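The values are calculated or read from the model by the stated rules, or taken from the named source; none is laboratory data. Everything quoted here is computed from the prediction, not taken from an experiment. Positions of Cβ are generated from backbone atoms using ideal geometry, with glycine treated the same way; all protein chains shown enter the neighbour counts.
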Amino acid sequence: MPAPVPFGALLRQWRTHRRISQLDLSNEAAISTRHLSFVETGRSQPSRDMVLRIAEHLDVPLRDRNRLLLAAGFAPVYPEHDLTAPEMASARAAIREVLAAHQPYPALAVDRTWNVLDANAAVGVLTQVVSPALLAEQPLNALRLTLHPDGMAPHIGNLSQWRAFVLGGLRRSAMARADDEMLALHDELAAYPHDDPGDPLTPPPPSTVYVPLLLRVGETELSFLAMIATFGTAVDITLSELAIESFLPADAATAAYLGAPRQLPET
């Protein structure tokens, strides 16, 4: 079993990761540079308030704030409840309400590594092209469903661009969080074979403002605009890492296919 990492070492890792000098951090967190230096080297012990203040200024995720507290000898302060726990009833109801409100457009709730926690019925429009074996895997992972050769990938008309968008976003999130699990998922997805010869680095036309998901379903090509929403005031780890991804029709034909109650407005 590896030895626990001292608080000073964790602090230095996060400060270096955020590219913030001791001087800048000390100014932002209202801590003397000398004291901050002593804390990093282990010559001084931080107070609980100081740990939380530093974590806030370094924008450390809640999960890792608990690790910083433990390393400094304090109890964690951020709870982590399963989404099915009684304490999460109101949040769970809010998630269900948001998912239902997106009907007839696909929407799903995912955790930080994109495991599916809940989804509305319209997600079946996307997953109808996925192999039953892949759909049976647990936990069901939204990004695996998208890029796996037995998933949506062979049916995505702009796979090269969409793949680059998905992998780029996942890598940026993993780097921002310093999250090894997310990096491992990125490497797994990047290793999937794919037949799209397109160049993902080719810049889009100047008139392009987003990368659509172009999904072929039979003889029909559907065009979606992906949007992601998060809980802005979460103090529970599970909620802070949860996201709702929705797929809105990017053209009138897709809206009609989904049975939308109204056509998209002309632009």
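Points worth noting:
- Output for region 47-84, where each listed residue is part of a loop (DSSP other than H, G, I, E, B), β-branched (V, I, T) and within 17 Å of R18 (Cβ to Cβ): V60
- Filtered by the rule that a residue be among the β-branched types (V, I, T) and surrounded by fewer than 14 Cβ atoms within 10 Å (Cβ to Cβ), region 6-56 gives T16, T41.
- Scanning region 85-119 for residues that are more than 17 Å from F231 (Cβ to Cβ), without any contact (Cβ under 8 Å) to a residue 60 or more places away in the chain and part of a loop (DSSP other than H, G, I, E, B) gives a single hit, Q103.
One line per residue, one yes/no per condition, for (1) at pLDDT below 95; (2) of a type in the set (A, V, I, L, M, F, W, C); (3) closer than 22 Å to Y257 by Cα:
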residue	(1), (2), (3)
V116	no, yes, no
A119	no, yes, yes
A136	no, yes, no
T146	no, no, yes
